[in-house]
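Report on the following structure.
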Amino acid sequence: MQNYKDLKVWEKAHQFTLNVYGLSKLFPKEKIYSLTSQLRRAASSVPANIAEGCGKNTKPDFARYLNTALGSANEAEYFILLSKDLGYLQMDKYEGLTVSINEIKAMLIALILKVRPTAIS
């Protein structure tokens, strides 16, 4: 359908993922196979699903992958909150990631509404 690198939502999601990887390096080493891994997986799933959806041939298929990306964004948002509440993220880092993921979610919702087929009355 289109080049995913041309989408602003993909750019933001990719940058978000890079930020998550950088900040999660500071998490306790014993969390590497649990919270660190889950947060990184959820974050990277957002741009990965956008990219995969761009390779599909139909708008409904693309919308499905965008919905999956949105679900992963919600999951990442929760893991960010959990990380903050456990004391692994400082408040300013938490707030920055939260603002970023909420912008990505809003952009995904707008794009889903744009590509989703509309019902004919």
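The values are calculated or read from the model by the stated rules, or taken from the named source; none is laboratory data. For clarity, every value in this text was computed on a predicted model and none was experimentally measured. Here Cβ is always computed from backbone atoms with ideal geometry, including for glycine, and neighbour counts include all displayed protein chains.
Could you check Ala63 against (1) over 20 Å from Lys8 (Cα atoms); (2) over 9 Å from the mean Cα position of the chain (by Cα) and say which number it fails?
Tallying (1) over 20 Å from Lys8 (Cα atoms); (2) over 9 Å from the mean Cα position of the chain (by Cα), Ala63 fails exactly one: (1).
What do you reckon, is Ala48 within 21 Å of Lys12 (Cα to Cα) and crowded, with 16+ Cβ neighbours inside 10 Å?
Yes, satisfied.
Is it the case that Lys5 is without any contact (Cβ under 8 Å) to a residue 40 or more places away in the chain, over 14 Å from the mean Cα position of the chain (by Cα) and more than 22 Å from Glu95 (Cβ to Cβ)?
Spelling it out, Lys5 is indeed without any contact (Cβ under 8 Å) to a residue 40 or more places away in the chain, over 14 Å from the mean Cα position of the chain (by Cα) and more than 22 Å from Glu95 (Cβ to Cβ).
Given the condition farther than 24 Å from Ser34 by Cα, buried (at least 20 other Cβ atoms within 10 Å of the Cβ) and among the small types (Gly, Ala, Ser), answer yes or no: does some residue in the stretch 53-65 qualify?
Within the stretch 53-65 (the criterion being farther than 24 Å from Ser34 by Cα, buried (at least 20 other Cβ atoms within 10 Å of the Cβ) and among the small types (Gly, Ala, Ser)), the answer is yes, since at least one residue qualifies.
All but one of (1) touching a Pro at 6+ places or on another chain (Cβ under 9 Å); (2) at pLDDT 95 or above; (3) not acidic (Asp, Glu) hold for Pro60; which doesn't?
Unmet for Pro60, out of (1) touching a Pro at 6+ places or on another chain (Cβ under 9 Å); (2) at pLDDT 95 or above; (3) not acidic (Asp, Glu): (2).
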